1. Quick one: in region 75-182, what % of C-alpha pairs are over 21 Å apart?
2. As a footprinting exposure proxy, order ASP65, ASP200, ASP155, ASP12 by other Cβ within 10 Å, with the fewest listed first.
3. Among all the aspartates and glutamates, which ones have a C-alpha under 12 Å from LYS216's C-alpha, if same-chain residues fewer than 8 places away are not counted?
4. Holding the Cα-Cα limit at 31 Å, pick out from LYS160/LYS241; LYS275/LYS337; LYS241/LYS275; LYS7/LYS38 the pairs that are longer than that.
5. Separation of region 255-276 and region 91-113 by C-alpha centroid, Å?
6. According to the Kirkwood expression over distinct Cα-Cα pairs, how big is the hydrodynamic radius of the chain, in Å?
7. Please work out how much length the chain gains when fully extended from LEU112 to PHE280, using 0.36 nm per residue of separation minus the C-alpha to C-alpha distance, in nm with one decimal.
8. Could you work out the equivalent-ellipsoid semi-axes for region 267-353, taking the square root of 5 times each eigenvalue of the Cα gyration tensor, largest first, in whole Å?
Amino acid sequence: MNETFLKACRGDKTDYTPIWFMRQAGRYMPEYQKIRQKYDFLTMCKTPELAAEITMQPIKILGVDAAILFSDILIVLEAMGLKINFIDEKGPQVSPTVRTYKELENIKNLELEKIQFVFKTVEILINEIDVPLIGFSASPFTLATYVIEGGSTKDFVNTKKFMFSEPKTFHKLMTMLTEATSSYLIEQINAGVHAVQIFDTWAGILSPYDYEVFCKPYVQRLVREISFYSSTGTDLNSPKKIPVIYFAPNTAGLWVHLKDLGVNVLSIDWRIDIKEASKFFNQPLQGNLDPLVLLGNDEELLRRAKTILIDGMNAKAHIFNLGHGVNIHTSVDKLRKLVDFVHEFSYKLRKFN
Ligand code: CP3
């Protein structure tokens, strides 16, 4: 297996900068669309052979250094007795919602048997691919926003109303989601994933105080539990240790809190200067190209990629990625060009420095 990505996660030296993309399997890709025309998104997630095939598409087509399991952060809710649905244009829907103490009853004991398809997909993939497989979940807080709001939102009114009016109940909900997420990630590790990424997509809506009170302790607990489970000790270089990556866009104002989460890799977005971040954070960094630069011209794209690669050399280790998911209007050719450029330029950068 090509271990470059895992080496960088551990902070070890690599021959070149590894690269993968959040949402690397998706609607921008004609090969994905071909399958998507026949099946709805949830069927694709729930059919291990299809999910595995879609996970592998970017490995074959783009030549990236890691695969990310094809699934969604909301899938785990089905193992907790909630219903999820993905409606074109409207986005994801979760029901019933949880907004009061009484409604905590809507969340049932975790039954991972209900989502065995996830672990089945992992088992197929680890025998098929020659790059590491990344498993994932949402952070407890980001998952809570979907459970409370019932879908996507711009202002998070229900989440904040709940948090500020019934903080004790909110903490109880966070504990339930943390325990479920922890078991879910551990089961992905048992099935064979080589690394995990925690998506904290909505952490950036919180003030530093509220992040510290309502979000951070649960991320720390989750990270502690997975790390303890996946390691024979605290030795990061232990081959059994599964690296934990934390991705929380729009969180430059939360810097001080991101420093001591206990994660192995921090994934940063384009709103943070990677050179500055390298001075501040001790762990390897992942990121941080604005995904929409891929909609511009090639010269601009490569110029910016080059800067990120040079600046990323200041970090403990660097994994090239976007600051958020691949946009649907992105050209496959451009992404392939970027992958080749990152590999070639970063190889020379190490060789001649
Ligand atoms: O990165 C990958 O390639 C792995 C698969 C993956 C998906 N969603 C597939 C998907 C991952 C890691 C996710 C995570 C996810 N899902 C997040 C966190 C990452 C982020 O973007 O911040 C969030 C917030 C979700 C929730 C979600 N899922 C939304 C809001 C939507 C609708 C918006 C959209 O882009 O359609 C989805 C659907 C979804 N998840 C699709 C894919 C490929 C599109 C499904 C389709 O219609 O084909």
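1. Everything past 21 Å amounts to 41 percent.
2. Details: ASP65 25, ASP200 28, ASP155 9, ASP12 15.
Ordered from fewest to most neighbouring Cβ atoms within 10 Å, ASP65, ASP200, ASP155, ASP12 come out as ASP155, ASP12, ASP65, ASP200.
3. Reachable aspartates and glutamates: ASP200, ASP260.
4. LYS160/LYS241; LYS7/LYS38
5. Using only Cα atoms to place each centre, the spacing works out to 31 Å.
6. 20.6 Å
7. Residue separation times 0.36 nm, minus the Cα-Cα distance, leaves 56.6 nm.
8. Whole-Å semi-axes of the equivalent ellipsoid: 21, 16, 10.
Only the coordinates and a few stated rules stand behind these numbers; no lab work does. These figures come from a predicted structure and were not determined experimentally. Every residue, glycine as well, gets a Cβ built from its backbone with ideal geometry; the counts of neighbours run over all protein chains shown.
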